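Chemist: If you scroll down you'll find the structure; I have some questions about it.
The values are calculated or read from the model by the stated rules, or taken from the named source; none is laboratory data. Not measured: the values here are computed from a predicted model. Backbone-built Cβ (ideal geometry, glycine too); neighbour counts: all protein chains shown. Each accessible area value is taken on the protein alone, full model and side chains, heavy atoms only, with ligands, DNA and RNA left out. Shrake-Rupley method; radii C 1.70, N 1.55, O 1.52, S 1.80 Å.
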Amino acid sequence: ILISGFKMTTLLRLLLGAGPLLSQLFLSPVHGSDNATLPLVMWHGMGDSCCNPLSMGSIKKMIEEAVPGIDVLSLMIGKTVIQDTENGFFMDVNEQVSMVCSQLAQDPKLKDGYNAMGFSQGGQFLRAVAQRCPSPPMKTLISVGGQQQGVYGLPRCPGESSHICDWIRKELNSGAYTDIVQKHLVQAQYWHDPLNDDLYKKHSLFLADINQERVVNETYKKNLQLLDKFVMVKFLQDSVVDPVDTEWFGFLKTGQAKETETLQESVLYKEDRLGLAAMEADGKLDFLATEGDHLQFTDEWFNAKLVPYLH
């Protein structure tokens, strides 16, 4: 699809800036683990694929070197790498989650449980897996820059000029909750407009459902609390995700678009609609922060802060 001479996929890549941003990650080996280590399931971000040698392919290889004996499954959504990348832009997220649940259930290596690590939008997608598909059991979920309360706004516009991002913002603001956009534009499925809360709650096909915005699905709540750990990583200089507080499950206060609230200040937490308050009381929530822009971190930080969760 061409709009003002730009491909739609190029426009959408501006939204979350996933892809080969992870290419500078190098991990030092960590010794002492054995073949009893739980497998790791990874889900990439928008614009990336399961097996890009500069990003997820490199991450997979480095984790395997850091944790000897670990099995790492980097999810491919589709039959080819090209389909995987395209589906990150255009495929109904609920269908993606269903596909992943089926794949995990059929993998004999995962039957005794697994850990999960989602990058950018892969963070909230894997949380949906935890809530909807408790078998095989997910033990630890690590959301690396995931948008747990969605996004609202495009703070950074790399590339040609700001009018492209202005156009995308206008389309999302005016049409994010129409049926066709919700069904076919991934980013719209976790677009969270605090100025149109009723529209969001009524028409959001994905985020409003997994965040218990309409009704409390007790199964979602129960399943999420089966996690041993839910780890959320925030990037302190993130220029891609707006608001950055969403990476720690915070968001903009309803009815305006300037002031934010933490997870603990939210109705979601106070009413414990998802079980997060109970999980925090049990020591199951870990909030980590690192300097750097979206998905930019050092090997030392990753090795020190995230690798221990994989043993």
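Chemist: Among the residues of segment 262-300, which ones are surrounded by 17 or more Cβ atoms within 10 Å (Cβ to Cβ) and aromatic (F, W, Y)?
Modeler: Y269, F297
Chemist: In segment 268-284, how many are in contact with a helix residue (DSSP H, G or I) (Cβ under 8 Å, 6 or more places away or on another chain) and closer than 14 Å to Y220 by Cβ?
Modeler: Of the residues in segment 268-284, 7 are in contact with a helix residue (DSSP H, G or I) (Cβ under 8 Å, 6 or more places away or on another chain) and closer than 14 Å to Y220 by Cβ.
Chemist: Condition first: of a type outside the set (A, V, I, L, M), within 17 Å of Q147 (Cβ to Cβ) and either open to solvent by 10 Å² or more (accessible area, probe 1.4 Å) or assigned to a helix (DSSP H, G or I) (or both). Now tell me which residues in segment 224-250 satisfy that.
Modeler: K234, Q237, D238, S239, D242, D245, T246, E247, W248
Chemist: Between residues in segment 29-54 that are more than 21 Å from N87 (Cβ to Cβ) and among the acidic types (D, E) and residues that are at pLDDT below 85 and not in a loop (DSSP other than H, G, I, E, B), which pairs lie under 9 Å by C-beta distance while being six or more apart or on different chains?
Modeler: Taking only residues 6 or more apart or on different chains, not a single pair turns up.
Chemist: Those residues that are open to solvent by less than 60 Å² (accessible area, probe 1.4 Å), within 21 Å of Q187 (Cα to Cα) and not in a loop (DSSP other than H, G, I, E, B), I need them from segment 201-223; list them, please.
Modeler: So the first thing to find is which residues in segment 201-223 are open to solvent by less than 60 Å² (accessible area, probe 1.4 Å), and the list is 203-204, 206-213, 216-217, 220-221, 223.
Right, trim to within 21 Å of Q187 (Cα to Cα) and you get 203-204, 206-213.
Within segment 201-223, H203, L207, A208, D209, I210 qualify.
Chemist: Among the residues of segment 78-97, which ones are over 11 Å from S49 (Cα atoms) and open to solvent by 20 Å² or more (accessible area, probe 1.4 Å)?
Modeler: K79, F90, M91, N94, E95
Chemist: Pick from L75, L27: which is modelled with pLDDT under 50, within 23 Å of H311 (Cα to Cα) and crowded, with 16+ Cβ neighbours inside 10 Å?
Modeler: On the way: L75 fails: modelled with pLDDT under 50.
On inspection, the qualifying residue turns out to be L27.
Chemist: In segment 184-200, what residues are open to solvent by less than 10 Å² (accessible area, probe 1.4 Å) and in a helix (DSSP H, G or I)?
Modeler: Passing the criteria: V186, Q187, A188, Q189, Y190, Y200.
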